[in-house]
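As structure tokens, the structure follows; a few thoughts come after it.
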Amino acid sequence: MSFRTLLTEDLGAVRRITINRPDKLNALNRDTLVELDVAFTQAAADDAIRAIVLRGAGGKAFVAGADIAELAALTPVQARDFSHIGQQMMWRVEHLGKPVIAEIGGYALGGGLELAMCCHLRIASENARFGLPEITLGLLPGFGGTQRLLRLAGRGAALELCLTGTQIDAARAFALGVITRVVAPDALEAETLALAEQFAASAPHAMRAILDAVIVGGEAALDAGLEFETLSFGMVSSTEDMREGTRAFIERRKPSFQGR
Ligand code: COA
């Protein structure tokens with residue numbers, strides 16, 4: 001399927017999804033939210049795809065936020081629906097069961113930072129900028145930003161960024177735990193792809209079990225999370241990939257995981 005606001009390409013088992021509204025710094029309008037939902041649903045359903053990279057076109061921004069021109073014209077009911085569509089899509093990304101890496105080559109503001117935070121890993125270039133500037137518009141984050149930033153960086157950082165709307169650089173975002181890796185701008189694409197390829201070559205049932213244990217299990221009480229982990233451990237131990245991984249170690253060769 002072709003999209004109006006996205007470009008997708010497959011590089012082996014890695015699907016790269018590029019938000020393609022560079023003249024608007026890839027701002028998230030309703031169409032883009034809906035198309036992202038479809039694109040991630042397709043990536044989840046395609047067994048040949050084992051890792052996803054999400055990025056923005058144009059080199060200046062990952063995403064500079066929800067589309068302010070569109071936001072400004074919404075009625076309260078439409079605004080609630082807009083928030084709901086964005087939240088649902090981002091929930092889907094977070095619970096995809098396949099690793100999603102945000103490749104952040106510039107501004108990740110407002111809805112852009114919220115979108116990056118629902119991805120499993122965030123690799124940013126040294127010149128990327130981050131923030132939740134909704135307060136400067138008389139608003140608050142509406143795509144999960146208050147909740148995910150709280151969980152990633154703690155209450156102090158979440159309140160500072162949400163209440164002030166200040167932009168921070170990649171070094172501070174890394175120190176706060178908001179992003180997982182910082183690289184030179186000219187290394188961003190290659191490093192992100194290399195990590196995605198590593199994930200794509202890994203055992204997909206084990207990858208999924210790890211994602212679910214951390215993301216789903218991590219929201220439960222410790223006892224429930226531990227039980228979730230132990231049940232997943234038993235299930236994954238029954239896969240052919242587990243046999244292959246342990247046999248390859250003993251035979252001193254590289255494993256070849258087939259997703260069975
Ligand atoms: N929604 C809609 N359009 C946006 C946008 C957004 N969130 N962010 C940028 N754009 C548009 C601008 O309106 C401009 O369009 P135009 O050329 O048709 O006028 C184009 O993208 C380029 O942006 P511009 O502001 O000219 O670039 P800049 O380099 O001067 O500034 C930013 C870059 C990111 C600092 C600035 O665009 C900005 O503050 N954007 C809004 C960030 C924000 O508040 N996001 C949260 C939204 S909830």
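Here are the numbers for this structure:
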quantity: Count of segment 120-143 residues which are among the small types (G, A, S) and either more than 13 Å from the ligand (Cβ to nearest atom) or surrounded by 21 or more Cβ atoms within 10 Å (Cβ to Cβ) (or both); calculated: 4
quantity: Whichever residue in segment 218-243 is among the polar types (S, T, N, Q) and in a helix (DSSP H, G or I) and, among such residues, is surrounded by the fewest Cβ atoms within 10 Å (Cβ to Cβ); calculated: T230
quantity: Number of the condition not met by D169 [criteria: (1) within 16 Å of the ligand (Cβ to nearest atom); (2) crowded, with 20+ Cβ neighbours inside 10 Å; (3) over 18 Å from L28 (Cβ atoms); (4) not small (G, A, S)]; calculated: (2)
quantity: Candidate set from segment 109-118 (those that are of a type in the set (A, V, I, L, M, F, W, C) and near the ligand (Cβ under 10 Å from one of its atoms)); member that is surrounded by the fewest Cβ atoms within 10 Å (Cβ to Cβ); calculated: L109
quantity: Out of I49, I19, I85, I68, sole residue that is closer than 21 Å to E197 by Cα, in contact with a helix residue (DSSP H, G or I) (Cβ under 8 Å, 6 or more places away or on another chain) and within 16 Å of the ligand (Cβ to nearest atom); calculated: I19
quantity: Condition check for A194: among the hydrophobic types (A, V, I, L, M, F, W, C), under 30 Å from I49 (Cα atoms) and touching a strand residue (DSSP E or B) at 6+ places or on another chain (Cβ under 6 Å); calculated: no
quantity: Flag for L150 being part of a helix (DSSP H, G or I) and more than 27 Å from A51 (Cα to Cα); calculated: no
quantity: Within segment 70-90, tally of residues that are more than 13 Å from L28 (Cα to Cα) and in contact (Cβ under 8 Å) with a residue 40 or more places away in the chain; calculated: 2
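Residue by residue, here is whether (1) buried (at least 21 other Cβ atoms within 10 Å of the Cβ); (2) aliphatic (A, V, I, L, M); (3) under 20 Å from L188 (Cβ atoms) holds:
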| position | (1), (2), (3) |
| --- | --- |
| R4 | no, no, no |
| R15 | yes, no, yes |
| A44 | no, yes, no |
| T75 | no, no, no |
| E94 | no, no, no |
| P99 | yes, no, yes |
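No lab work stands behind these numbers, since they all come straight from the coordinates. These numbers were taken from a predicted model, which means no experiment stands behind them. Note that we place each Cβ from the backbone using ideal geometry, even for glycine, and neighbour counts take in every protein chain shown.
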